[in-house]
Each structure stands twice: as structure tokens, then as C-alpha cells.
1. What pairs come up if the first residue lies in the stretch B:313-338 and is touching a residue at least 24 places away in the same chain (Cβ under 8 Å), the second is assigned to a helix (DSSP H, G or I) and of a type in the set (S, T, N, Q), and their beta carbons are under 7 Å apart, counting only those six or more places apart or on different chains?
2. Within the stretch B:42-75, restricting attention to residues that are β-branched (Val, Ile, Thr) and buried (at least 18 other Cβ atoms within 10 Å of the Cβ), which residue is nearest to the other protein chains (Cβ to nearest Cβ)?
3. Name every residue in the stretch A:78-108 that is surrounded by 16 or more Cβ atoms within 10 Å (Cβ to Cβ), in contact with a strand residue (DSSP E or B) (Cβ under 8 Å, 6 or more places away or on another chain) and farther than 22 Å from residue B:49 by Cα, in order of residue number.
4. Looking only at the stretch B:298-356, count how many residues are surrounded by 20 or more Cβ atoms within 10 Å (Cβ to Cβ) and either at positive phi or touching a Pro at 6+ places or on another chain (Cβ under 6 Å) (or both).
5. For residue B:432, all conditions in the list (1) touching a Lys or Arg at 6+ places or on another chain (Cβ under 6 Å); (2) part of a strand (DSSP E or B) hold save one; what is the number of the exception?
6. Quick check, is residue B:190 at pLDDT 95 or above and not charged (D, E, K, R)?
7. Tell me which residues, restricted to the stretch A:1-28, are at the interface with chain B (Cβ under 9 Å from one of its Cβ atoms) and either part of a loop (DSSP other than H, G, I, E, B) or not β-branched (Val, Ile, Thr) (or both).
8. Do any helices (runs of 4 or more DSSP H) entirely within the stretch B:18-83 hold 2 or more residues that are of a type in the set (Ser, Thr, Tyr) and more than 14 Å from the chain's Cα centre (by Cα), and if so, which?
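The values are calculated or read from the model by the stated rules, or taken from the named source; none is laboratory data. Quick caveat, the model's predicted, so the values are computed rather than measured. Positions of Cβ are generated from backbone atoms using ideal geometry, with glycine treated the same way; all protein chains shown enter the neighbour counts.
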Amino acid sequence: MKKVPITELAKVIRSKNAGPYELTMDIIFKDESGYQKAVNSKVINKSLISKLYHINEDQIINIVQFPQALAIKATIIRPRPSGALGETDVYGAQQHAPLLKIDIPIYE
Amino acid sequence: MPMNEYRVLSPTAILGYGFPESSFDEGLKRNPDVIAVDAGSTDPGPYYLGAGVSFTDRSAVKRDLELIIAAGLDRKIPVLIGTAGGAGANNHLQWNLQIIKELAQENNWHFKLATVQSEIDKEQIKEQIKEGRIEPLHPAPELTEQELIQTTSVVAQMGIEPLIQALDQGADVVLAGRCYDPAVFAADAIRKGYDAGPAIHMGKILECGAIAAEPGSGSDSALGTLHADGFIVEPLDPNRKCTVTSVAAHTLYEKTNPVELPGPGGYLDLTETKFNQYSDNAVKVTGSKFIPLKKYMVKLEGAKKAGYRTVSIAGCRDSIMISKIDEVIEAVRSRVQDNFHRQGYNYNLHFHIYGKNGVMGELEPNPTVGHELGIVIDVVAEDQDTANTICSFTRSTMLHYGYDGRIATAGNLAFPYSPSDFKVGLVYEFSLYHLMELDNPTAVFPIKMMEV
């Protein structure tokens with residue numbers, strides 16, 4: 001088994017509000033092969049997202065695969081509604097950073 | 001099907017974000033049946049809805065509208081503008097209407113304009129809550145009575161029906177309040193008999209201008225063409241291409257679930273949607289369905305007053321202070337509280353520590369400190385004077401605080417500005433993100449027709 005950094009397989013890794021109460025993260029892969037590697041590895045799951053963001057799994061709304069876009073997407077409940085007291089990122093556009101550190105295990 | 005195809009020109013992602021005239025002209029050459037533009041978003045946060053001001057610049061909006069309306073009048077095709085003024089409440093609608101009236105006078109235009117309001121009276125909200133016809137949209141919380149009192153404006157997202165009504169009354173230009181984003185792109189096509197599934201899905205892509213192309217852009221135009229069996233989207237700048245992944249990926253954007261997208265009166269079902277490369281720069285999308293629901297629900301958005309803000313910005317480069325930043329903050333916080341304990345001030349004091357967890361706050365997995373820190377002292381209080389007092393006192397206390405092990409005794413903070421404190425004024429928070437049931441899709445969206 002070897003591990004490939006997700007940044008080698010993905011062409012888009014981003015976060016954004018999905019309405020003022022949710023934060024959604026998209027990982028869009030460069031090609032079918034990279035997407036399949038990530039899906040088959042099953043590493044992008046609730047346990048990983050809860051670890052990367054220091055949140056309980058019940059704060060994760062869903063993790064979905066969208067093969068038409070070669071994408072895996074995770075949506076979490078915002079720590080506070082957009083713009084509320086203590087806000088750090090009104091648009092939610094800089095909350096993707098922990099995802100850049102994911103490694104995808106590949107079984108040859 | 002009344003026509004073979006129906007073309008929608010989307011000049012830009014948000015009215016006021018601009019577009020190259022070359023792209024717009026290319027779009028006009030394709031003989032569009034309508035020009036539609038989305039003017040709003042909740043992304044910039046609760047302030048704009050709460051305060052009744054636009055997040056886009058007036059001159060930039062005027063520039064875009066001059067080109068768009070001139071083209072619509074010249075070609076005798078309708079122009080639809082959704083979520084006027086960025087948030088779509090009455091103040092925003094009036095602001096945008098004033099710009100259009102100014103343009104009409106300057107250009108000697110004469111046309112029929114319809115405005116469609118979307119602001120909902122707070123009394124009506126109260127009644128509807130009592131009748132159980134309003135519910136929070138998960139994960140938003142229930143609305144308390146106190147929050148409703150503090151709420152300055154509530155808007156409902158209209159669907160296509162009020163827009164169709166305005167077009168039926170002969171409007172050349174429709175200026176609408178808060179809209180479900182795809183509505184202005186889909187309304188006239190559905191009115192002319194096109195299937196709602198592809199029309200609304202196409203609107204979802206077009207509402208962001210050329211963002212669904214590669215390279216993407218929020219300030220460039222796109223064209224959508226509806227056919228009997230689906231739709232085609234393409235950018236209008238020859239240097240951009242729509243690809244299967246760029247268009248499919250856009251369907252994910254800002255959405256919780258990419259295959260089930262709720263809107264007024266129903267949802268888009270994209271489980272069987274197929275994306276195919278139609279030409280070098282265009283993508284064809286088939287199989288999108290609109291599923292109407294028995295109850296016609298619309299989304300409500302509201303913002304309430306949170307208080308008055310004052311902030312102070314500083315930096316820190318001392319490695320000893322940086323290593324003790326958490327205890328310095330706690331000590332300063334209790335000193336502030338203790339100093340004013342007799343005054344009973346009501347305030348929220350927050351420290352943004354850039355270089356540690358300033359961007360991600362509690363979500364930060366790696367809150368280690370760098371060689372320097374950026375510090376924003378952020379105070380929100382019930383009035384501006386209290387916010388100023390707490391911010392000023394926190395700043396001076398932190399500047400001179402004698403933490404354990406301190407050797408730089410002249411001052412702990414570097415201020416880039418004099419004055420160091422900024423009075424922001426009233427700030428807001430979202431208070432409503434609810435669903436409201438309507439008896440009739442046009443019930444709460446009054447239309448006014450006028451000759452401009």
C-alpha cells in the first residue's frame with residue numbers, strides 16, 4: 001500500500017456556506033481514476049471529517065458522492081450562523097484547509 | 001412545445017459584478033429570448049438584509065443595468081432582475097428602482113416596469129408562526145418572540161409564479177425582491193410551455209454567470225439554450241469552456257445535497273441527470289426533473305439587530321508574549337470585567353488571533369502560533385458608547401499588561417493605525433431561516449406596474 005496526497009488527485013478543494021447555517025466542502029477530482037481511488041479507499045468519511053474539524057459526528061449533515069462531477073462533498077453545521085458574534089469567516093471560503101492534508105491509501 | 005428552442009442570456013453572476021461588453025454582445029448575437037440577472041446573495045452576511053443596504057456598489061450596478069436594459073428594449077425581449085439590491089427587502093427594491101428611473105431619464109427610455117415585493121410584515125410572521133405554518137429550516141433554530149422584535153426585515157424567496165404574473169401584465173422589465181436564484185432565468189420559459197425541470201436547473205447554472213466554465217468567472221456572461229429534451233450551457237468569452245466536470249461541479253456549489261435541490265413549491269431531482277460535452281465549449285444536460293410538493297413552501301430570511309461594534313487591530317512580535325497569548329487574553333478579559341463590574345455593561349468581547357486560529361476559530365485542527373500574531377479586539381455591545389469603552393479599555397489593558405516573564409516593558413502591541421479603534425455602528429445577525437407555507441405561490445408577492 002502507498003499513500004497519495006489528495007492534492008495530487010484533486011483539482012478543486014474548496015469550502016463555502018450552503019446558506020447561513022451550513023458549511024459545505026467540495027473535493028473535485030482530476031479524473032475518473034483519482035475519483036475511484038478516493039471512493040474505494042473509503043477514507044473520506046464522518047470519522048475523518050469529525051477529526052479534521054474537531055467536531056462531533058452529529059454536526060456532520062452528510063457526506064455524498066457525485067460521480068457526474070467526480071466529486072465528494074461533506075456538509076457540516078456551522079459553529080455559528082454566518083456573521084454572528086465570534087464569526088471568523090462570513091463566506092466560509094477558507095475552511096477547506098484541513099482537507100489539503102488528506103492522504104489517500106492506494107492498494108496496488 | 002411552442003418553439004424549438006429558448007435562449008437565456010445571463011450577463012454576470014451578480015448585478016454590479018460587471019461583464020466584458022464583448023461577451024455580452026456575443027450573447028446578443030445569439031438572439032436571446034430573455035436577459036436575466038441575479039442581484040443578490042446571503043453570502044455577504046446578515047448586515048445588508050438587516051440594515052437595508054446593498055453589498056454591491058451603486059455606480060457598478062448602474063453601469064451593468066444601462067447595458068442590460070438598453071439591449072432588452074432594443075430587441076423587445078424581457079429583462080428580469082432578481083433579488084434587487086442584494087437582499088430583496090423593500091429598501092433594496094427602492095434603491096434599485098431609483099437607479100432604473102435615473103437611467104430611463106438619462107437615456108430617454110419609456111417602458112413598462114413591474115416591481116415584485118418580497119418583504120413580509122412581521123405581524124404576518126407572528127400570525128403564521130401561531131398557525132404552525134412557519135418552521136425553522138434545519139439547522140436553524142426556532143424563532144423567539146424577542147428575536148422577532150429585534151428583527152428589522154424579513155423576506156420570502158419567490159418562485160417563478162409572481163414573475164410570470166408580472167410578465168403576463170405586460171412588463172418589459174421586472175424588478176423583483178428576494179427570488180429563488182434560478183427563478184428569473186426560468187420564469188418566462190416555463191410561461192411559454194417549457195418543462196420546469198430543465199428550465200430551473202439551467203437557471204441554477206446561469207445564475208452564477210460564467211462561474212460554471214473553465215476558467216470560471218463571476219464577472220462574465222453565459223448563454224443557456226432550452227430544448228425539448230434538455231438544455232445547453234456555454235460561456236460567451238472564447239477563452240472559456242464549459243466542460244462536463246465544470247458544469248456538473250457547479251451543481252454542487254453552495255449546496256448540501258447535489259441530487260435533491262429544494263426550492264419554492266418543490267425540488268429539483270438530479271438523480272438521473274446526465275452531462276455530455278455538446279461541442280468544444282458547450283455542455284448538454286438532460287434528465288433533470290422538477291418534483292412539485294403538495295404544500296407550497298417558500299424560504300424566509302430575516303436579520304435582527306445584534307448590537308454596536310467597535311474593533312481595534314494590533315500585532316505582536318514578542319516570542320515570550322506569543323507563547324503566553326492564551327493566558328494574557330484571559331487575564332485581560334477578567335481585568336476588563338472587574339474594572340466595570342459596577343456599571344453592569346452588557347457586551348460581547350472576542351479576540352481574533354491571526355497566526356493561531358484567526359481564520360478557523362474552534363474548527364482549527366492546528367492552533368499553533370507563528371512568529372507573529374495579528375490581533376483583532378472585537379466588541380459588540382448594546383450601544384456604541386459601551387462598545388467604544390470596552391474596546392478602548394481592553395486595548396490599553398492588553399498593551400501594558402504585565403504578564404509573567406515579560407521583559408519588553410514598553411508595550412505588548414504594535415498598532416498599524418492612529419486612531420487605533422474603529423466604530424462600526426449597528427451590526428446584525430440572521431434571525432430567520434425558515435420555511436413558510438403559502439396557499440398560493442403569488443400570495444405574498446405584490447406586483448406594481450408602472451410606466452417609466
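1. So the pair list comes out as B:332/B:394; B:332/B:397; B:335/B:397; B:336/B:394; B:336/B:397.
2. B:42
3. Within the stretch A:78-108, A:95, A:96, A:99, A:102, A:104 meet the criteria.
4. Result for the stretch B:298-356: 4.
5. Going through (1) touching a Lys or Arg at 6+ places or on another chain (Cβ under 6 Å); (2) part of a strand (DSSP E or B) one by one, residue B:432 breaks only (1).
6. Yes.
7. Listed by number, the residues that qualify are A:11, A:14, A:16, A:17, A:18, A:19, A:20, A:21, A:22, A:23, A:26.
8. So the answer is B:21-29.
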